[in-house]
1. When only C-alpha pairs under 8 Å and at least 6 residues apart count, what is the relative contact order of segment 1-105, in percent?
2. Let me have the 222 nm mean residue ellipticity of the chain computed from DSSP H runs of 4+ only, each contributing -39500 (n - 2.57), with the sum over all residues rounded to the nearest 500.
3. Short version: ³J(HN,Hα) in whole Hz for each residue of segment 208-217, in order, from phi by Karplus 6.51 cos²θ - 1.76 cosθ + 1.60 (θ = phi - 60°), x for Gly and Pro, what are they?
4. Would you mind estimating how fast segment 61-210 diffuses translationally, via Stokes-Einstein at 37 °C and 0.692 mPa s with the Kirkwood radius over Cα pairs, in µm²/s?
5. Whose amide H sits under 5 Å from the amide H of ASP178, counting only residues 5 or more places off or on another chain, with H placed in the peptide plane?
6. Modelled label-to-label distance, CYS26 and GLU13, 7 Å Cα→beta-carbon offset: nm?
7. What is the Cα centroid distance between segment 370-396 and segment 406-432, reported in whole angstrom?
8. Please identify the GluC sites (Glu not before Pro) of segment 1-69 that satisfy two criteria: DSSP loop assignment and at most 15 other Cβ atoms within 10 Å. Which are they?
Amino acid sequence: MRLPELFLERMKELLGEEYELWLESCGQMPVQGIRVNPAKLTPGQWEQISPWEIRRVPWNLNGYYCQEKSRPARDVYYYAGLYYIQEPSAMAPAELLGVKPGHKVLDLCAAPGGKSTQLGARLEGRGLLVANDVSASRAKALLKNLEMAGVANICVTAEEPKRLAQVFSGFFDKILVDAPCSGEGMFRKEPELIKSWQERGPKEYVPVQREILKQAVRMLRPGGELVYSTCTFSVEEDEGAVDWILAEEPDMELVPLALWEGARPGADKKPVIRLFPHRIRGEGHFVAKLKKRQREDGGSEGGKAPGEGVCRKDEKELELLEQSDYLEWERFLARPFDRHRLTVQFGQVYFLPEDFRRDWGFRYLRTGLLVGSLRRGRFEPSQAAAMALKSGEFARALSMDREDERVIRYLKGETVFLKEGEDFSKGWVLVCVDGFPLGWAKAAGGSLKNKYYPGWRWM
(Lines give C-alpha, C1' and ligand atoms only; values in the text may rest on other atoms or scores of the structure.)
Protein backbone atom coordinates (compact mmCIF):
# COMPACT_ATOMS: atom_id res chain seq x y z
CA MET A 1 0.00 0.00 0.00
CA ARG A 2 1.58 3.24 -1.20
CA LEU A 3 0.47 6.28 0.82
CA PRO A 4 0.58 9.86 -0.53
CA GLU A 5 3.57 11.89 0.65
CA LEU A 6 1.41 14.83 1.72
CA PHE A 7 -0.69 12.52 3.86
CA LEU A 8 2.43 11.02 5.47
CA GLU A 9 3.78 14.47 6.27
CA ARG A 10 0.53 15.41 8.00
CA MET A 11 0.50 12.18 10.00
CA LYS A 12 4.08 12.75 11.13
CA GLU A 13 3.11 16.22 12.38
CA LEU A 14 0.03 14.83 14.14
CA LEU A 15 1.63 11.77 15.77
CA GLY A 16 5.16 12.94 16.53
CA GLU A 17 7.16 10.15 18.17
CA GLU A 18 4.34 7.63 17.52
CA TYR A 19 4.58 8.10 13.77
CA GLU A 20 6.82 5.07 13.07
CA LEU A 21 4.57 2.78 15.12
CA TRP A 22 1.54 3.98 13.16
CA LEU A 23 3.38 3.55 9.83
CA GLU A 24 4.25 -0.03 10.75
CA SER A 25 0.59 -0.75 11.60
CA CYS A 26 -0.43 0.31 8.08
CA GLY A 27 1.12 -2.89 6.73
CA GLN A 28 -0.79 -5.16 9.10
CA MET A 29 -4.07 -6.93 8.41
CA PRO A 30 -7.24 -4.91 9.12
CA VAL A 31 -9.36 -6.01 12.05
CA GLN A 32 -12.91 -7.34 11.73
CA GLY A 33 -15.53 -7.36 14.44
CA ILE A 34 -19.15 -8.08 15.22
CA ARG A 35 -21.50 -6.28 17.57
CA VAL A 36 -24.09 -8.48 19.28
CA ASN A 37 -27.69 -7.26 19.03
CA PRO A 38 -29.00 -6.74 22.61
CA ALA A 39 -32.56 -6.70 21.25
CA LYS A 40 -32.09 -10.41 20.54
CA LEU A 41 -29.73 -11.70 23.26
CA THR A 42 -27.26 -10.65 25.94
CA PRO A 43 -23.46 -10.81 25.58
CA GLY A 44 -23.47 -13.67 28.09
CA GLN A 45 -25.93 -15.64 25.95
CA TRP A 46 -23.83 -14.98 22.86
CA GLU A 47 -20.70 -16.25 24.58
CA GLN A 48 -22.50 -19.54 25.27
CA ILE A 49 -23.59 -20.11 21.66
CA SER A 50 -20.88 -18.34 19.63
CA PRO A 51 -19.58 -20.62 16.84
CA TRP A 52 -16.09 -19.07 17.12
CA GLU A 53 -13.59 -18.26 19.81
CA ILE A 54 -14.35 -14.74 20.97
CA ARG A 55 -12.62 -11.75 22.49
CA ARG A 56 -14.33 -8.61 23.75
CA VAL A 57 -13.90 -5.12 22.26
CA PRO A 58 -12.98 -3.00 25.31
CA TRP A 59 -15.00 0.10 24.41
CA ASN A 60 -18.30 -1.59 23.60
CA LEU A 61 -20.08 -4.08 25.88
CA ASN A 62 -21.62 -5.86 22.88
CA GLY A 63 -18.54 -5.82 20.64
CA TYR A 64 -16.35 -8.81 19.78
CA TYR A 65 -13.35 -9.36 17.54
CA CYS A 66 -13.65 -11.96 14.78
CA GLN A 67 -11.14 -14.68 14.15
CA GLU A 68 -9.35 -14.39 10.82
CA LYS A 69 -10.92 -17.62 9.52
CA SER A 70 -14.45 -16.91 10.75
CA ARG A 71 -17.08 -16.02 8.15
CA PRO A 72 -19.74 -14.10 10.10
CA ALA A 73 -21.68 -13.10 6.97
CA ARG A 74 -22.10 -16.79 6.06
CA ASP A 75 -23.64 -17.96 9.29
CA VAL A 76 -27.29 -18.60 10.12
CA TYR A 77 -27.00 -16.44 13.24
CA TYR A 78 -26.26 -13.47 11.00
CA TYR A 79 -29.55 -14.10 9.17
CA ALA A 80 -31.31 -14.23 12.54
CA GLY A 81 -30.08 -10.69 13.25
CA LEU A 82 -28.05 -11.74 16.29
CA TYR A 83 -25.14 -9.47 15.35
CA TYR A 84 -24.00 -6.77 12.97
CA ILE A 85 -20.62 -6.99 11.24
CA GLN A 86 -18.78 -3.81 12.17
CA GLU A 87 -15.23 -2.52 12.28
CA PRO A 88 -14.41 -2.27 16.03
CA SER A 89 -13.45 1.42 16.20
CA ALA A 90 -16.76 2.31 14.50
CA MET A 91 -18.59 0.91 17.54
CA ALA A 92 -17.50 3.88 19.66
CA PRO A 93 -19.61 6.87 18.45
CA ALA A 94 -23.10 5.42 19.03
CA GLU A 95 -21.99 3.97 22.37
CA LEU A 96 -20.77 7.39 23.55
CA LEU A 97 -24.02 9.14 22.57
CA GLY A 98 -25.72 7.61 25.61
CA VAL A 99 -29.15 6.85 24.15
CA LYS A 100 -31.83 5.61 26.57
CA PRO A 101 -35.32 4.12 26.03
CA GLY A 102 -37.86 6.80 25.12
CA HIS A 103 -35.39 9.24 23.57
CA LYS A 104 -36.04 10.88 20.21
CA VAL A 105 -32.89 10.12 18.23
CA LEU A 106 -31.56 11.20 14.83
CA ASP A 107 -28.81 9.41 12.90
CA LEU A 108 -28.21 12.02 10.24
CA CYS A 109 -25.73 10.22 7.95
CA ALA A 110 -26.92 6.72 8.70
CA ALA A 111 -26.19 4.33 5.80
CA PRO A 112 -25.35 1.50 5.77
CA GLY A 113 -26.82 1.23 9.28
CA GLY A 114 -24.19 -0.04 11.71
CA LYS A 115 -24.58 2.86 14.10
CA SER A 116 -28.36 3.09 13.54
CA THR A 117 -28.87 -0.54 14.57
CA GLN A 118 -26.79 0.19 17.66
CA LEU A 119 -28.90 3.25 18.52
CA GLY A 120 -32.14 1.40 17.81
CA ALA A 121 -31.25 -1.42 20.18
CA ARG A 122 -30.57 1.10 22.96
CA LEU A 123 -34.11 2.50 22.58
CA GLU A 124 -35.62 -0.93 23.44
CA GLY A 125 -38.67 -0.24 21.25
CA ARG A 126 -39.57 3.06 22.91
CA GLY A 127 -39.23 6.59 21.54
CA LEU A 128 -38.23 7.24 17.94
CA LEU A 129 -35.21 6.71 15.69
CA VAL A 130 -35.04 8.78 12.53
CA ALA A 131 -32.35 7.22 10.34
CA ASN A 132 -31.50 9.41 7.38
CA ASP A 133 -29.20 9.22 4.41
CA VAL A 134 -29.27 11.71 1.58
CA SER A 135 -28.78 8.88 -0.92
CA ALA A 136 -31.98 6.90 -1.48
CA SER A 137 -30.02 3.93 -2.84
CA ARG A 138 -27.79 3.81 0.26
CA ALA A 139 -30.86 4.23 2.46
CA LYS A 140 -32.21 0.94 1.08
CA ALA A 141 -29.27 -0.92 2.65
CA LEU A 142 -29.87 1.06 5.84
CA LEU A 143 -33.49 -0.09 5.95
CA LYS A 144 -32.56 -3.73 5.41
CA ASN A 145 -30.07 -3.67 8.26
CA LEU A 146 -32.54 -2.02 10.64
CA GLU A 147 -35.23 -4.55 9.77
CA MET A 148 -32.83 -7.48 10.09
CA ALA A 149 -31.91 -6.18 13.56
CA GLY A 150 -35.60 -6.09 14.50
CA VAL A 151 -35.76 -2.32 15.12
CA ALA A 152 -39.40 -1.28 14.75
CA ASN A 153 -39.71 2.31 16.02
CA ILE A 154 -38.04 3.87 12.98
CA CYS A 155 -38.48 6.43 10.27
CA VAL A 156 -36.04 5.88 7.43
CA THR A 157 -35.69 8.98 5.28
CA ALA A 158 -33.62 10.18 2.32
CA GLU A 159 -33.45 13.94 2.78
CA GLU A 160 -30.96 16.79 2.83
CA PRO A 161 -30.26 17.83 6.46
CA LYS A 162 -31.62 21.32 5.75
CA ARG A 163 -34.99 19.83 4.76
CA LEU A 164 -35.18 17.83 7.99
CA ALA A 165 -34.27 20.91 10.04
CA GLN A 166 -37.21 22.83 8.60
CA VAL A 167 -39.53 20.46 10.48
CA PHE A 168 -37.45 19.13 13.37
CA SER A 169 -36.29 22.38 14.98
CA GLY A 170 -35.31 21.64 18.61
CA PHE A 171 -36.88 18.17 18.42
CA PHE A 172 -34.25 15.52 19.16
CA ASP A 173 -32.76 14.44 22.49
CA LYS A 174 -29.75 12.81 20.81
CA ILE A 175 -28.17 13.26 17.39
CA LEU A 176 -25.36 11.31 15.75
CA VAL A 177 -23.42 12.92 12.91
CA ASP A 178 -21.06 10.31 11.49
CA ALA A 179 -20.01 12.70 8.78
CA PRO A 180 -18.84 11.95 5.25
CA CYS A 181 -15.07 12.38 5.27
CA SER A 182 -11.81 11.72 3.43
CA GLY A 183 -11.58 8.28 5.07
CA GLU A 184 -7.92 8.34 6.08
CA GLY A 185 -8.56 5.94 8.95
CA MET A 186 -9.81 3.30 6.52
CA PHE A 187 -6.87 3.25 4.10
CA ARG A 188 -5.60 -0.05 5.51
CA LYS A 189 -9.02 -1.70 5.17
CA GLU A 190 -10.08 -0.05 1.90
CA PRO A 191 -6.97 0.97 -0.13
CA GLU A 192 -9.16 2.23 -2.97
CA LEU A 193 -9.95 5.26 -0.78
CA ILE A 194 -6.37 6.48 -1.33
CA LYS A 195 -7.13 7.40 -4.93
CA SER A 196 -10.22 9.32 -3.82
CA TRP A 197 -8.10 11.16 -1.24
CA GLN A 198 -5.60 12.17 -3.90
CA GLU A 199 -8.35 13.45 -6.19
CA ARG A 200 -10.46 15.24 -3.56
CA GLY A 201 -8.55 15.55 -0.30
CA PRO A 202 -9.89 16.68 3.08
CA LYS A 203 -10.69 20.22 1.91
CA GLU A 204 -13.61 19.03 -0.22
CA TYR A 205 -15.35 17.54 2.82
CA VAL A 206 -14.92 20.46 5.24
CA PRO A 207 -17.82 22.61 3.94
CA VAL A 208 -20.08 19.55 3.74
CA GLN A 209 -19.32 18.60 7.33
CA ARG A 210 -19.92 22.12 8.59
CA GLU A 211 -23.28 22.41 6.84
CA ILE A 212 -24.40 19.06 8.28
CA LEU A 213 -23.30 20.10 11.78
CA LYS A 214 -25.09 23.43 11.47
CA GLN A 215 -28.38 21.75 10.60
CA ALA A 216 -27.91 19.10 13.27
CA VAL A 217 -27.56 21.76 15.96
CA ARG A 218 -30.84 23.33 14.77
CA MET A 219 -32.59 20.00 15.39
CA LEU A 220 -31.16 19.41 18.87
CA ARG A 221 -33.32 20.37 21.85
CA PRO A 222 -31.84 22.47 24.70
CA GLY A 223 -30.09 20.02 27.00
CA GLY A 224 -29.74 17.53 24.16
CA GLU A 225 -26.45 15.94 23.10
CA LEU A 226 -24.73 15.45 19.76
CA VAL A 227 -21.86 13.16 18.81
CA TYR A 228 -19.73 14.13 15.83
CA SER A 229 -17.52 11.40 14.40
CA THR A 230 -15.44 10.61 11.34
CA CYS A 231 -13.18 7.80 10.16
CA THR A 232 -10.41 10.21 9.17
CA PHE A 233 -7.29 11.57 10.90
CA SER A 234 -7.47 15.02 9.28
CA VAL A 235 -7.37 17.78 11.92
CA GLU A 236 -9.31 20.17 9.71
CA GLU A 237 -12.13 17.61 9.39
CA ASP A 238 -12.05 16.61 13.06
CA GLU A 239 -11.02 19.19 15.68
CA GLY A 240 -11.46 21.87 13.03
CA ALA A 241 -15.13 21.02 12.60
CA VAL A 242 -15.69 21.00 16.36
CA ASP A 243 -13.96 24.36 16.83
CA TRP A 244 -16.02 25.84 14.00
CA ILE A 245 -19.41 24.76 15.36
CA LEU A 246 -18.52 25.95 18.88
CA ALA A 247 -17.63 29.37 17.45
CA GLU A 248 -20.77 29.50 15.29
CA GLU A 249 -23.20 28.25 17.94
CA PRO A 250 -22.63 29.84 21.38
CA ASP A 251 -25.28 27.57 22.92
CA MET A 252 -23.09 24.53 22.22
CA GLU A 253 -20.42 23.26 24.59
CA LEU A 254 -17.91 20.43 24.43
CA VAL A 255 -18.56 17.44 26.69
CA PRO A 256 -15.21 15.92 27.80
CA LEU A 257 -14.86 12.23 26.92
CA ALA A 258 -12.97 9.88 29.21
CA LEU A 259 -10.15 7.96 27.54
CA TRP A 260 -9.87 4.18 27.65
CA GLU A 261 -6.73 2.15 27.18
CA GLY A 262 -5.31 2.85 23.74
CA ALA A 263 -7.46 5.92 23.08
CA ARG A 264 -5.70 9.22 22.58
CA PRO A 265 -6.92 12.79 23.19
CA GLY A 266 -7.35 15.17 20.29
CA ALA A 267 -4.93 17.69 18.87
CA ASP A 268 -3.88 20.27 21.50
CA LYS A 269 -5.09 17.78 24.16
CA LYS A 270 -8.76 18.43 23.41
CA PRO A 271 -11.07 16.14 25.49
CA VAL A 272 -12.20 14.22 22.42
CA ILE A 273 -11.21 10.70 21.38
CA ARG A 274 -8.87 9.65 18.62
CA LEU A 275 -8.38 5.97 17.78
CA PHE A 276 -5.30 4.80 15.85
CA PRO A 277 -4.50 1.26 14.61
CA HIS A 278 -1.11 1.20 16.34
CA ARG A 279 -2.79 1.80 19.71
CA ILE A 280 -5.89 -0.42 19.49
CA ARG A 281 -7.15 -3.47 17.61
CA GLY A 282 -9.13 -1.52 15.04
CA GLU A 283 -8.89 1.11 12.35
CA GLY A 284 -9.07 4.90 12.77
CA HIS A 285 -11.83 7.04 14.26
CA PHE A 286 -12.49 10.46 15.76
CA VAL A 287 -15.29 11.13 18.27
CA ALA A 288 -16.41 14.39 19.91
CA LYS A 289 -19.48 14.99 22.08
CA LEU A 290 -21.31 18.31 22.35
CA LYS A 291 -24.29 19.55 24.33
CA LYS A 292 -26.78 22.35 23.76
CA ARG A 293 -27.12 24.51 26.86
CA GLN A 294 -30.50 24.93 28.54
CA ARG A 295 -32.14 28.32 28.24
CA GLU A 296 -31.59 30.63 31.21
CA ASP A 297 -35.33 30.78 31.92
CA GLY A 298 -35.37 27.00 32.26
CA GLY A 299 -37.62 26.64 29.25
CA SER A 300 -37.15 24.12 26.48
CA GLU A 301 -37.99 25.25 22.98
CA GLY A 302 -39.09 22.59 20.56
CA GLY A 303 -39.20 18.98 21.69
CA LYS A 304 -42.26 18.26 19.56
CA ALA A 305 -42.22 18.70 15.82
CA PRO A 306 -45.41 20.19 14.39
CA GLY A 307 -47.91 17.93 12.75
CA GLU A 308 -50.96 15.82 13.22
CA GLY A 309 -50.95 13.09 15.83
CA VAL A 310 -50.25 9.46 15.22
CA CYS A 311 -53.83 8.44 15.98
CA ARG A 312 -55.49 9.92 12.86
CA LYS A 313 -55.93 7.07 10.40
CA ASP A 314 -57.98 5.84 7.50
CA GLU A 315 -60.83 4.06 9.28
CA LYS A 316 -61.99 2.45 6.04
CA GLU A 317 -58.59 0.83 5.58
CA LEU A 318 -58.62 -0.43 9.18
CA GLU A 319 -62.05 -1.96 8.61
CA LEU A 320 -60.53 -3.93 5.73
CA LEU A 321 -57.79 -5.09 8.10
CA GLU A 322 -60.26 -6.38 10.66
CA GLN A 323 -62.36 -8.03 7.97
CA SER A 324 -59.30 -9.95 6.76
CA ASP A 325 -57.63 -12.90 8.52
CA TYR A 326 -55.25 -10.49 10.30
CA LEU A 327 -57.03 -11.16 13.60
CA GLU A 328 -56.45 -14.89 13.13
CA TRP A 329 -52.71 -14.25 12.76
CA GLU A 330 -52.62 -11.72 15.61
CA ARG A 331 -54.07 -14.11 18.18
CA PHE A 332 -50.79 -16.07 18.14
CA LEU A 333 -48.82 -12.97 19.16
CA ALA A 334 -47.78 -12.72 22.79
CA ARG A 335 -48.38 -8.94 22.58
CA PRO A 336 -50.90 -7.75 19.96
CA PHE A 337 -50.18 -4.43 18.27
CA ASP A 338 -51.78 -1.32 19.76
CA ARG A 339 -54.70 -0.46 17.44
CA HIS A 340 -54.11 3.28 17.97
CA ARG A 341 -50.73 2.98 16.26
CA LEU A 342 -51.75 0.65 13.43
CA THR A 343 -52.47 2.12 10.02
CA VAL A 344 -53.09 0.76 6.54
CA GLN A 345 -51.79 2.57 3.48
CA PHE A 346 -52.27 1.17 -0.04
CA GLY A 347 -52.69 -2.32 1.33
CA GLN A 348 -49.62 -2.17 3.57
CA VAL A 349 -50.07 -2.48 7.34
CA TYR A 350 -47.76 -0.34 9.52
CA PHE A 351 -47.19 -0.05 13.25
CA LEU A 352 -46.16 3.57 13.76
CA PRO A 353 -43.64 4.86 16.33
CA GLU A 354 -45.19 6.59 19.34
CA ASP A 355 -43.72 10.02 18.44
CA PHE A 356 -44.52 9.87 14.72
CA ARG A 357 -46.48 12.71 13.08
CA ARG A 358 -48.27 12.13 9.80
CA ASP A 359 -47.69 15.38 7.97
CA TRP A 360 -43.92 15.71 8.31
CA GLY A 361 -43.91 15.13 4.57
CA PHE A 362 -40.48 13.57 4.03
CA ARG A 363 -39.22 11.08 1.46
CA TYR A 364 -39.73 7.93 3.50
CA LEU A 365 -38.42 4.48 2.84
CA ARG A 366 -40.22 3.30 5.96
CA THR A 367 -42.42 4.67 8.72
CA GLY A 368 -42.44 2.33 11.69
CA LEU A 369 -42.69 -1.43 11.37
CA LEU A 370 -44.10 -2.92 8.19
CA VAL A 371 -46.36 -5.55 9.80
CA GLY A 372 -47.59 -7.06 6.56
CA SER A 373 -49.85 -6.61 3.55
CA LEU A 374 -53.49 -7.16 2.61
CA ARG A 375 -54.16 -9.01 -0.60
CA ARG A 376 -57.79 -9.74 -1.55
CA GLY A 377 -58.84 -9.94 2.06
CA ARG A 378 -55.90 -12.10 3.07
CA PHE A 379 -53.19 -10.90 5.46
CA GLU A 380 -49.55 -11.79 4.81
CA PRO A 381 -47.05 -10.93 7.57
CA SER A 382 -43.80 -9.25 6.53
CA GLN A 383 -40.18 -10.31 6.90
CA ALA A 384 -39.66 -7.24 9.10
CA ALA A 385 -42.44 -8.39 11.45
CA ALA A 386 -40.73 -11.77 11.86
CA MET A 387 -37.41 -10.13 12.73
CA ALA A 388 -39.05 -7.78 15.24
CA LEU A 389 -40.33 -10.74 17.27
CA LYS A 390 -38.34 -12.24 20.09
CA SER A 391 -38.07 -15.87 21.07
CA GLY A 392 -41.45 -17.19 22.24
CA GLU A 393 -43.50 -14.20 21.06
CA PHE A 394 -45.37 -16.14 18.36
CA ALA A 395 -47.15 -19.28 19.47
CA ARG A 396 -46.94 -21.19 16.15
CA ALA A 397 -43.20 -21.58 15.68
CA LEU A 398 -40.82 -24.21 14.34
CA SER A 399 -37.39 -23.91 15.93
CA MET A 400 -34.60 -25.85 14.27
CA ASP A 401 -31.14 -26.52 15.61
CA ARG A 402 -28.33 -24.50 14.07
CA GLU A 403 -26.84 -27.67 12.56
CA ASP A 404 -30.15 -28.79 11.02
CA GLU A 405 -29.64 -28.83 7.24
CA ARG A 406 -33.19 -27.50 6.81
CA VAL A 407 -32.12 -24.10 8.16
CA ILE A 408 -29.94 -23.35 5.11
CA ARG A 409 -32.60 -24.78 2.82
CA TYR A 410 -35.15 -22.45 4.34
CA LEU A 411 -32.84 -19.44 3.93
CA LYS A 412 -32.40 -20.42 0.26
CA GLY A 413 -36.18 -20.30 -0.23
CA GLU A 414 -36.79 -24.06 -0.36
CA THR A 415 -39.70 -26.00 1.11
CA VAL A 416 -39.19 -27.22 4.68
CA PHE A 417 -40.31 -30.79 5.29
CA LEU A 418 -41.48 -31.51 8.81
CA LYS A 419 -40.16 -34.30 11.00
CA GLU A 420 -42.08 -36.56 13.33
CA GLY A 421 -43.67 -34.54 16.12
CA GLU A 422 -43.55 -31.26 14.14
CA ASP A 423 -47.24 -30.97 13.35
CA PHE A 424 -49.01 -27.75 12.38
CA SER A 425 -52.53 -27.09 11.19
CA LYS A 426 -52.88 -24.81 8.18
CA GLY A 427 -51.74 -21.25 8.74
CA TRP A 428 -48.69 -19.09 9.37
CA VAL A 429 -45.66 -20.52 11.14
CA LEU A 430 -42.65 -18.57 12.42
CA VAL A 431 -39.44 -20.39 11.40
CA CYS A 432 -36.59 -20.05 13.91
CA VAL A 433 -33.05 -21.22 14.52
CA ASP A 434 -32.34 -22.09 18.16
CA GLY A 435 -35.44 -20.06 19.08
CA PHE A 436 -34.42 -16.93 17.13
CA PRO A 437 -36.83 -15.91 14.32
CA LEU A 438 -35.73 -16.13 10.69
CA GLY A 439 -38.98 -15.58 8.77
CA TRP A 440 -42.38 -17.00 7.85
CA ALA A 441 -43.74 -20.16 6.26
CA LYS A 442 -47.21 -21.59 5.69
CA ALA A 443 -48.14 -25.02 6.94
CA ALA A 444 -49.42 -27.41 4.29
CA GLY A 445 -49.70 -31.02 5.39
CA GLY A 446 -46.27 -32.41 6.25
CA SER A 447 -44.34 -29.42 4.93
CA LEU A 448 -43.97 -25.67 5.25
CA LYS A 449 -44.35 -23.50 2.16
CA ASN A 450 -41.42 -21.09 2.21
CA LYS A 451 -42.24 -17.38 2.64
CA TYR A 452 -38.74 -16.12 3.35
CA TYR A 453 -38.17 -12.74 1.70
CA PRO A 454 -36.48 -13.39 -1.69
CA GLY A 455 -34.22 -10.33 -1.45
CA TRP A 456 -32.58 -11.68 1.71
CA ARG A 457 -31.98 -15.28 0.62
CA TRP A 458 -28.79 -17.23 1.24
CA MET A 459 -26.87 -17.19 -2.04
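The values are calculated or read from the model by the stated rules, or taken from the named source; none is laboratory data. What you see is a predicted model, and the numbers here were worked out from it, not measured in a lab. As a convention, Cβ positions derive from the backbone with ideal geometry for all residues, glycine included, and neighbour counts pool all protein chains shown. Quick note on the areas: whole protein, heavy atoms, side chains included, nothing else; ligands and nucleic acids left out. Shrake-Rupley method; radii C 1.70, N 1.55, O 1.52, S 1.80 Å.
1. Values: 98 pairs, mean separation 29.7, N = 105.
Value for segment 1-105: 28 percent.
2. Working: 15 runs with 124 residues, N = 459.
When only DSSP H runs of four or more count, the value is -7500 deg cm²/dmol.
3. For segment 208-217, the Karplus curve yields 5, 4, 5, 5, 5, 4, 4, 6, 4, 4 Hz.
4. Numbers: Rh = 16.6 Å.
Translational diffusion coefficient: 198 µm²/s.
5. It is LEU108, CYS109, SER229, by chain and number.
6. Each label point lies 7 Å from its Cα, and together they span 1.6 nm.
7. Between the Cα centres of segment 370-396 and segment 406-432 lies a distance of 16 Å.
8. On the way: sites: GLU5, GLU9, GLU13, GLU17, GLU18, GLU20, GLU24, GLU47, GLU53, GLU68; in loops: GLU53, GLU68.
When the GluC sites (Glu not before Pro) of segment 1-69 are filtered for loop state and at most 15 Cβ neighbours within 10 Å, GLU53, GLU68 remain.
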